[in-house]
Amino acid sequence: MATELTLLEPTRRTLNKPFPTYRLRAGVVAALSRAVAYHRRGIDGMDQKIIDHVREYGFITNRTIQRIFDVHVFAVRDLLNDLRESRILEKIGDARGGKGVRYGPGSAFPK
């Protein structure tokens, strides 16, 4: 029984291109620890559009991001988790899940 070991993944920006750019997966970077110098991803084009949307409307939802970028719900979930971890966005209101969850500016939201 062969086990597939995937060390690399295409970057989000080049995912649909014929020759994507690759990066090490998060688990691989964690396993390598200090053996590799690695920079956390910065704000890319998708992030900037989300930030602009939040500036204009005051909040954004998972569904809005799906419609803007035509991506799957799970890709949006990961993107929102990254933005929440970096404190660019934070959850607004008491909704725990579903359509009612809205995200607004966090403590590290760009001025």
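The numbers here are math on the coordinates, done by the rules we state, and not lab data. In this text, all values refer to a predicted model and were calculated from it rather than measured experimentally. Here Cβ is always computed from backbone atoms with ideal geometry, including for glycine, and neighbour counts include all displayed protein chains.
Ranked highest first by average number of other Cβ atoms within 10 Å, how do 70-81, 44-55 line up?
Descending mean neighbour count gives 44-55, 70-81.
Between Asn16 and Asp52, what length in nm is gained on full extension when 0.36 nm per residue of separation is reduced by their alpha carbon distance?
10.6 nm
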Taking 7 Å along the Cα-to-C-beta vector as the label spot, tell me the Asn81-Ala35 distance in nanometres, rounded to one decimal.
2.5
Using θ = phi - 60° and the Karplus curve 6.51 cos²θ - 1.76 cosθ + 1.60, what whole-Hz ³J(HN,Hα) does each residue of the range 50-57 get, with Gly and Pro shown as x?
5, 4, 4, 4, 5, 4, 6, 9
Gained length - Val71 relative to Ala95, 0.36 nm times residue gap less alpha-carbon distance:
6.4 nm
Between beta-carbons, use under 13 Å as the cut-off and find the net charge around Val73, counting Lys and Arg +1, Asp and Glu -1.
+2
The range 45-105 shape via C-alpha gyration tensor axes, a/c threshold 1.5:
rounded
Residue by residue through the range 9-19, what is 3J(HN,Hα) from phi via Karplus (6.51 cos²θ - 1.76 cosθ + 1.60, θ = phi - 60°)? Round to whole Hz and write x for glycine and proline.
9, x, 5, 4, 5, 10, 3, 9, 7, x, 10
